[in-house]
Protein chains: 2
Amino acid sequence: MQSQKFTLMLDSVRRLMRGGSTARALNVLRKGRPADVAQVLHELTDLDRKAVFAALSRSDTKLAAESLSELSLEEGVELLKTLEPERIAEVLQELPSDDATLFIAELPEDLRERLLDLMRIEASAEVQELLSFAEGTAGRIMTPDVFALKEDLTVAEAIAAIQDASRDVELVYYLYIVDDRNHLVGVSSLRQLLLVPPTTPLKKIMSTDVISVRTDTDQEEVAQIVARYDLLGVPVVDEENKLAGIITVDDVLDVIREEATEDIYALAGVRSEDSVLGPPLRSVRLRLPWLLVNLGTAVLAASVVHAFEATIEKVVVLAALQSIVAGMGGNAAAQTLAVIVRGLALGEVTWENGRRVLYKEVLVGVINGLANGLVAAAIVWIWFGFSSKMILIGAIIAAALVINLIIAAVAGTVIPLTFKRLNADPALASTVFVTTCTDVGGFLSFLGLATLLLRFLI
Amino acid sequence: MQSQKFTLMLDSVRRLMRGGSTARALNVLRKGRPADVAQVLHELTDLDRKAVFAALSRSDTKLAAESLSELSLEEGVELLKTLEPERIAEVLQELPSDDATLFIAELPEDLRERLLDLMRIEASAEVQELLSFAEGTAGRIMTPDVFALKEDLTVAEAIAAIQDASRDVELVYYLYIVDDRNHLVGVSSLRQLLLVPPTTPLKKIMSTDVISVRTDTDQEEVAQIVARYDLLGVPVVDEENKLAGIITVDDVLDVIREEATEDIYALAGVRSEDSVLGPPLRSVRLRLPWLLVNLGTAVLAASVVHAFEATIEKVVVLAALQSIVAGMGGNAAAQTLAVIVRGLALGEVTWENGRRVLYKEVLVGVINGLANGLVAAAIVWIWFGFSSKMILIGAIIAAALVINLIIAAVAGTVIPLTFKRLNADPALASTVFVTTCTDVGGFLSFLGLATLLLRFLI
């Protein structure tokens, strides 16, 4: 149902833009939710997208702002850049300051200064406060205008305060309660207020066991806490436990999706700014460096093979079989890496239990190495026949597979754990180092064993 | 702060269990939140975990149940299986029926029947209803005991109903409003009720534009809708628009994490039942089949090289260089696959815009192929010198890289899109097919070109 309505909306906007009726296209859009408007913008051609957004920002700044924050960050920033600075400021000050900050942080330094001057003082001050926290921390993604109640209120007074609150505060299910110096002291809920007599002091009914995060808590940890305790939002406090803001579950959801995308991309050597519909040259710019690094490691692996060319010249079938050992090491390492990187992201793997994880992965590697080694040897024997030379080559491939799958297990565990320990992204750099280990390890073990046993092979 | 308290708790439970004081360990645990108790269980040895959980299920069934639902599904199921059926039934009926259903669905058929008999009739009926929906649909993960208000109530009556509601219903930022035949007709919020006079009819203030999903909606689509519209929960209706249940954002969060893990694992050939701390033999069982499939494709690639052995025998340096082209194809394909698979999961890539995506990926492939080809040729020339033979081999490697990066782009886009179109998991099977294409394509293009030009190489 929703998607049918959406398709209708998209079709009529496209038709109207083709006919040059921007104003009527805007009328259609104004009937939609911000998320739908954003999706329409996303699907339009570059030219139409810019035209519609510019017109929308003039005629319905609020809807333009809300749609903007439903777009991906990069797409939003690109649209914003097509507007005049005055207009950008108008759009941004319609947004909650956490969303406005996201965009401003991505704009060029000089434009950023200009916008902070142009925006209303309160909006600008809030954005500047958020910008003062490091990227990826709770402080950067929180909403500072959190609705809090003083602990000395009665329930009746609290309900009155809630009725008076402007619709703009991110209103949640939880009611945070502070003392007269704004320290976070308790939490309650609207429903709880309705269950007790109106004269009850808040202090009596609030729960003092509040789960909170600090402004400098990593956003990935915030997401883990919210997911773990099934929260709808979490208060953010400063180092003195003063209430500084709130992070709601919809922001956490974005963090979780974003971090998952980052991990999936990083394991494959794709940067998170890349996207499926972005401009091709940006994708080239983002992917090419990774490919060139890999080219370097491929050349390194090739140089290992080059060192064994004398052996290959004598037993040329080795050239056909050598890639099996290296490739299988790469596959097994990819499995280990996926499990470790995901385990690190979900907080299941730590530096402390790393040794236990390593033992397990090595054990799995040994067993899988033996199994694959036996099958590979059997294939070689059936394929090339049971001459004593091919029996030995089958045995060599089996032994090399065991060795390389152990290398894969060790490298696939130790390398991401070490990066994490050094506060580097465990997904990003791991793949290339691990692949180097399994490529070099594969060629070295297979061709090395063959060279050691060369006199039995010729 | 939270993590310090947690470490203290874990340490004392460990110490008390070592001393054999299960009862005192339980006293410590009872001070924790279910998520913390679950984490303690997770960290204990197998033996202690079972002992603590069995004792907890006797002394505090509710806490045992709530902790259980914070464990991973597999860990929870394993713990449950160690209890008597009567005790399992007692634990499960303390859970919301959506959580109970998750566990029951994983238990053996005969035990499942037994449990449904042992559980209280209402609990058992709810679970049986949920089990009637297919796995992975909204119906399976919803909570059926949703709190709804009749549309003909006044605000005062609605507030009274909310005050009377048992604490067990999944509460309730949104208030769903139904007609006298239980059709979902509107939505409101507790705060909205407080802003109007008590005699106002609900009908007057409710919003009739309710976002809902159907019982047969895919859970991934539910997650996309909740994320897109920043909802705290979404009502689930049957085919007649009758309210059947609710899915809250914490369940959606679990779905999103689960699906992200599945994609990361699937791209690397790991099944989602695998986990970093599970038993090694299970990991072997789950990963070995994938490795054996890959062994098959590696042998296929080796047979391509085998067909060119006459060429390699004459120009043995080809053996060292051949893996570069195949490997780089694999790397480029992994990048494309990551972008496409993630784009499919987030709903950005569809069958409809697939052609546009394909053009882009091919263009990126051509440019990256040229860039890598030039660098690879330069490396070959510098490494082996500028003889006419090596100049030609450098040119061949460059051409083969362009060809193989185009193959990578096409395979990395078309294969997952096709799987998605056929309603198969685009992440799971794609990697192996795509790698086969780039391996075979790499060896075939490099060694094929070298064979065609062989008379210039010797």
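The values are calculated or read from the model by the stated rules, or taken from the named source; none is laboratory data. As the structure is a prediction and not an experimental result, all values here were calculated from the model. Backbone-built Cβ (ideal geometry, glycine too); neighbour counts: all protein chains shown.
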### Query
Within segment B:6-19, can one find any residue that is farther than 20 Å from A:Ile225 by Cα, among the β-branched types (Val, Ile, Thr) and assigned to a loop (DSSP other than H, G, I, E, B)?
no
### Query
Exactly one of (1) assigned by TED's automatic domain parsing to the domain that holds B:Leu232; (2) within 24 Å of the chain's Cα centre (by Cα) is unmet by B:Ala156. Its number?
(2)
### Condition check for B:Val305: at the interface with chain A (Cβ under 7 Å from one of its Cβ atoms) and in a loop (DSSP other than H, G, I, E, B)
no
### Query
Would you call B:Ser67 under 26 Å from the mean Cα position of the chain (by Cα), among the polar types (S, T, N, Q), crowded, with 16+ Cβ neighbours inside 10 Å and part of a helix (DSSP H, G or I)?
yes
### Task
Scan (1) among the hydroxyl-bearing types (Ser, Thr, Tyr); (2) free of Cβ contacts under 8 Å to residues at least 12 places away in the same chain; (3) more than 9 Å from chain A (Cβ to nearest Cβ); (4) surrounded by 17 or more Cβ atoms within 10 Å (Cβ to Cβ) for the single condition B:Ser387 breaks and write down its number.
(4)
### Query
So A:Asp60 fits all but one of (1) surrounded by 15 or more Cβ atoms within 10 Å (Cβ to Cβ); (2) of a type in the set (D, E, K, R); (3) closer than 24 Å to B:Ile225 by Cα; what number is the exception?
(3)
### Message
Anything in segment B:236-254 that is surrounded by fewer than 21 Cβ atoms within 10 Å (Cβ to Cβ) and either in a helix (DSSP H, G or I) or at the interface with chain A (Cβ under 9 Å from one of its Cβ atoms) (or both)? List them, or say none.
### Response
B:Asp250, B:Asp254
### Query
Looking only at residues in segment A:200-220 that are closer than 21 Å to A:Thr350 by Cα and crowded, with 17+ Cβ neighbours inside 10 Å, which one is modelled with the lowest pLDDT?
A:Glu220
### Query
Any chance segment B:79-94 includes a residue that's in contact (Cβ under 8 Å) with a residue 12 or more places away in the chain, among the β-branched types (Val, Ile, Thr) and within 18 Å of B:Gln39 (Cα to Cα)?
no
### Summary
Of B:Pro416, B:Pro426, the only residue that is in the same structural domain as B:Ala302 (by TED's automatic domain parsing), within 30 Å of B:Ser272 (Cβ to Cβ) and either free of Cβ contacts under 8 Å to residues at least 60 places away in the same chain or assigned to a helix (DSSP H, G or I) (or both) is B:Pro416
### B:Leu422 vs. criteria touching a Leu at 6+ places or on another chain (Cβ under 8 Å) and more than 19 Å from A:Gly330 (Cα to Cα)
no
#### Entry: Pairs with Cβ under 6 Å, 6+ apart, first in segment A:6-23 and on the phi < 0 side of the Ramachandran plot, second surrounded by 11 or more Cβ atoms within 10 Å (Cβ to Cβ) and not in a helix (DSSP H, G or I)
A:Met9/A:Gly32
### Query
Would it be correct to say that B:Gly354 is touching a residue at least 12 places away in the same chain (Cβ under 8 Å), touching a helix residue (DSSP H, G or I) at 6+ places or on another chain (Cβ under 6 Å) and among the small types (Gly, Ala, Ser)?
yes
### Message
crowded, with 18+ Cβ neighbours inside 10 Å, outside any helix (DSSP H, G or I) and outside the structural domain of A:Val222 (by TED's automatic domain parsing): is that true of A:Val402 in this structure?
### Response
no
#### Entry: segment A:286-299, residues that are more than 8 Å from chain B (Cβ to nearest Cβ) and at pLDDT 90 or above
A:Pro289, A:Val293, A:Gly296, A:Thr297
### Summary
Here the residues within segment A:203-221 that are farther than 19 Å from A:Ala148 by Cβ and assigned to a helix (DSSP H, G or I) are A:Gln219, A:Glu220, A:Glu221
### Summary
Considering segment A:221-235, residues that are crowded, with 19+ Cβ neighbours inside 10 Å and under 14 Å from A:Tyr174 (Cα atoms), and then whichever is farthest from the chain's Cα centre (by Cα), we arrive at A:Pro235
### Task
For segment B:228-235, indicate whether the set of residues that are within 11 Å of chain A (Cβ to nearest Cβ) and part of a helix (DSSP H, G or I) is non-empty.
yes
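Is there a residue in segment B:275-282 that is among the basic types (Lys, Arg), more than 8 Å from every other protein chain (Cβ to nearest Cβ) and either in a helix (DSSP H, G or I) or within 21 Å of A:Asp254 (Cα to Cα) (or both)?
If we filter segment B:275-282 for residues that are among the basic types (Lys, Arg), which is where we start, we get B:282.
Going one step further and asking which of them are more than 8 Å from every other protein chain (Cβ to nearest Cβ), we end up with B:282.
Now restrict to residues that are either in a helix (DSSP H, G or I) or within 21 Å of A:Asp254 (Cα to Cα) (or both): B:282.
Yes: segment B:275-282 contains one or more residues that are among the basic types (Lys, Arg), more than 8 Å from every other protein chain (Cβ to nearest Cβ) and either in a helix (DSSP H, G or I) or within 21 Å of A:Asp254 (Cα to Cα) (or both).
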### Query
Has segment B:121-140 got at least one residue that is within 30 Å of B:Gln192 (Cβ to Cβ), buried (at least 20 other Cβ atoms within 10 Å of the Cβ), outside the structural domain of B:Gln219 (by TED's automatic domain parsing) and modelled with pLDDT of 90 or more?
yes
### Single match in B:Ile382, B:Ile340, B:Ile367 (criterion: part of a helix (DSSP H, G or I), more than 8 Å from chain A (Cβ to nearest Cβ) and either more than 25 Å from A:Leu41 (Cβ to Cβ) or in contact (Cβ under 8 Å) with a residue 12 or more places away in the chain (or both))
B:Ile382
#### Entry: Filtered residues of segment B:343-364 (kept if buried (at least 24 other Cβ atoms within 10 Å of the Cβ), part of a helix (DSSP H, G or I) and within 7 Å of another protein chain (Cβ to nearest Cβ))
B:Val364
#### Entry: A:Leu83, sole failed condition from (1) under 27 Å from the mean Cα position of the chain (by Cα); (2) assigned to a loop (DSSP other than H, G, I, E, B); (3) not basic (Lys, Arg)
(1)
